Amino acid sequence: MTVLIITHSEDNECIARVAAAIERLGGRAFRFNTDLFPGGAHLALASGPGAGRSTLRARDTGGTLDLGDVTAVWYRRVAFGRRLPASMDPQLRSASVEEAKRTAEGMLAALRVPQVDPLPAVRFASNKQVQLDIAREVGLDTPRTLTTNDEDAARAFAATCPGGVIAKMLSSFAVYRGGEEHVVFTNALRDEDLADMRGLSLCPMTFQEKIPKARELRVTVVGERVFAASIDPEAAPGAEVDWRRQGLELIDAWRKDALPPDVETAVLRLMDQLGLNYGALDILRTPDGRHVFLEVNPVGEFFWLERSPGLPISEALAEVLLGRAPRRGSWSAFLHAP
């Protein structure tokens, strides 16, 4: 059995971990670094009698894959065209990246094999408003939320949240200054922020009621398995609102945890509705024991949870990809789509 891993050459150690687990279980892992396509990787997609075989050749590893041998796909990360020459005309570069993207996506659509997860499911599930709506429908507790570029609406919403309001972006966002990356984290709104919200006219933001929390949970779902780990939000100064702000300092502070049975059942129902076999969920446990769903990332990180507290997520992914563990029933809608 052969698993095609869709990633890029700067992805983290989880790629090697999952690939090693696939090999241990008797499968083959083939890595497609999308940042090397089109310049450093070669796709040949054949269609019709006598057109030949469809193949993927990776110049960085020297390996060649007959796409007819692929039995599953792990869709992880993409970075098409990142290695194209900087001197390339911007218009031509844009066209090249778009053609590379469409070619690779065509390959994925044509591979009628199990995928973690099908690209249409990943795109659908990445919509935060959809996540929250479905989470409520399946019985998960969610915070009051408003996404807007209307400052009056934002102030009116804040007035309904006596415990305070946090602000965050729907997409990952960073600013680069002097060669350094400055990530935009979730932040608690201050009175002065509410007084001057003119920036909303240039960029919408998402506002949520501030939820009191006793623990922050990272819940990783793989097929039918649910792995939970948690951290004390007071474990490091500056991590009270968003633990990622002190992520490196807290990397060894995560502990194994568990969801109540009814919450775990609702989480799995959410995954079914989103069409996902994999997801990394952020959930808060309040001082009075409620579990509040914040969001799910269909391609979220997990590598640090294998270091501490030692959750076997790579092994679980390999088992699902190789058909050694149950897969969510939502796959069929994507695999047999016309």
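The values are calculated or read from the model by the stated rules, or taken from the named source; none is laboratory data. If you're wondering where the values come from, they're calculated on a predicted model, not measured in any experiment. Here the Cβ is made from the backbone with ideal geometry for all residues, glycine too, and neighbour counts use every protein chain on show. These accessible areas exclude ligands, DNA and RNA; they are computed on the full protein's heavy atoms, side chains included. Shrake-Rupley method; radii C 1.70, N 1.55, O 1.52, S 1.80 Å.
Could you give the nm distance between label points at ARG255 and ARG112, where each point is 7 Å from its Cα heading toward the beta carbon?
Reported label-point gap for ARG255 and ARG112 is 5.1 nm.
Using the crude model of +1 on Lys and Arg Cβ and -1 on Asp and Glu Cβ, and no other charge, please compute the dipole size for the chain relative to its Cα centre, in debye to 20.
Computed about the Cα centre, the dipole is about 1020 debye.
FRET efficiency for SER308 and ASP69, Cβ-Cβ distance as r, R0 = 45 Å, nearest 0.05?
Plugging the Cβ-Cβ distance into 1/(1 + (r/R0)^6) gives 0.75.
Please give the FRET efficiency for LEU194 paired with ARG102, using the beta carbon to beta carbon distance and R0 = 35 Å, rounded to the nearest 0.05.
About 0.20, to the nearest 0.05.
Leaving ligands, DNA and RNA out of it, report the carbon-plus-sulfur percent of the accessible area of the chain at a 1.4 Å probe.
51
Classify segment 1-130 as rounded, prolate or oblate, taking a ≥ b ≥ c as the square roots of the eigenvalues of its Cα gyration tensor: rounded when a/c is under 1.5, otherwise prolate if a/b is larger than b/c and oblate if not. Could you put the intermediate results ahead of the total?
Values: a/c = 1.34, a/b = 1.18, b/c = 1.13.
Rounded shape, in that the Cα axes give a/c under 1.5.
Please compute the length gained on full extension between ALA156 and SER201, using 0.36 nm multiplied by the number of residues separating them and subtracting their Cα-Cα distance.
Numbers: separation 45, 0.36 × 45 = 16.20 nm, distance 1.62 nm.
Length difference between fully extended and current span is 14.6 nm.
Compute the FRET efficiency between THR61 and LEU25 as 1/(1 + (r/R0)^6), taking r as their Cβ-Cβ distance and R0 = 30 Å, and round to the nearest 0.05.
0.90
Would you mind working out the accessible area per residue for the chain, using a 1.4 Å probe, and quoting it in Å²? Present the calculation step by step, with values, prior to reporting the outcome.
Working: 16370 Å² over 338 residues.
For the chain, the per-residue accessible area is 48 Å².
What number comes out for the charge environment of ASP89, summing +1 per Lys or Arg and -1 per Asp or Glu over other residues with Cβ under 15 Å away?
-1
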